[in-house]
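Asks: Provided herewith is a single structure, encoded as structure tokens, for subsequent inquiry.
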Amino acid sequence: MAIPDGYNTEPFAPVLGADNADNEFASTNVVANADGSILEREQYIQEAVADVQTIVGRIARKTVTFANTAADVALFTVTGTVKARVFAVCTTNLASAGGCNLTVKAGTVAIIAQTASTDIDAGEIWHDAAPDASVEAGTVAPEYIIANGADIAIDVETAKQVDSGVVEFYCLYTPLSANGAVVAA
């Protein structure tokens, strides 16, 4: 394939093979960076994906199935420092014969307010104390800066339990530190 007219191939000549007589692309597994350095194609792709994820953000997911759950539930492990929004979508109504309040916390800080578990119904988005809609603005879930060690968990009210139900949790995050990450616990 010939290089189209008007394209400057000088910085890429060793990579593209532009110095050959037919001005044809050479078959190679390397890519030239803007600064002229050479990267292996796989390394280049990995770095490009990491750059995009840093700019756009990432997502961690965790499904919680409640079955007579009386203890706190680990949701996400946080390493480094991240900016994060956490919300949940209920897929099966929560039930609690004795009534049980739930709070989502990062470390000791509530990031989803205390909510009666029986108020969390299928199809609703849980981001505050009153889950009641299946469509919400993306800004309703507040963004927090979370530092290493402040893992995210559901705080189940002491001496109570959630008998049944299923909730899918999402953590949309952007790494701030070089090792910033969130993974499902």
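Asks: Quick one: order 103, 63 from most to least accessible surface, probe 1.4 Å.
Replies: 63, 103
Asks: Roughly how many percent of the accessible protein surface of the range 71-185 is carbon and sulfur, given a 1.4 Å probe and a whole-percent answer?
Replies: Whole-percent figure for carbon plus sulfur exposure: 54.
Asks: Using the heavy atoms of the protein chains and a 1.4 angstrom probe, tell me the accessible area per residue for the range 106-185 in square angstrom.
Replies: Roughly 48 Å² per residue, with all protein chains present.
Asks: Once each part is reduced to its C-alpha centroid, what is the distance from the range 120-136 to the range 56-113 in angstrom?
Replies: Their Cα centres are 13 Å away from one another.
Asks: Determine which lysines satisfy two conditions relative to residue 83: a Cα distance under 29 Å, and not lying fewer than 8 residues away in the same chain.
Replies: Filter leaves 62, 105.
Asks: Moving on. Taking a temperature of 37 °C and a viscosity of 0.692 mPa s, what whole-number D in µm²/s does Stokes-Einstein yield for the range 70-150 with Rh from Kirkwood over alpha carbon pairs?
Replies: Approximately 243 µm²/s, per Stokes-Einstein.
Asks: Arrange the residues 164, 117 by how much accessible surface each exposes, largest first, with a 1.4 angstrom probe.
Replies: 164, 117
The values are calculated or read from the model by the stated rules, or taken from the named source; none is laboratory data. Only a predicted model underlies this, so the values are computations on that prediction, with no experimental measurement involved. Areas reflect the complete protein model, heavy atoms only, side chains present, ligands, DNA and RNA absent. Shrake-Rupley method; radii C 1.70, N 1.55, O 1.52, S 1.80 Å.
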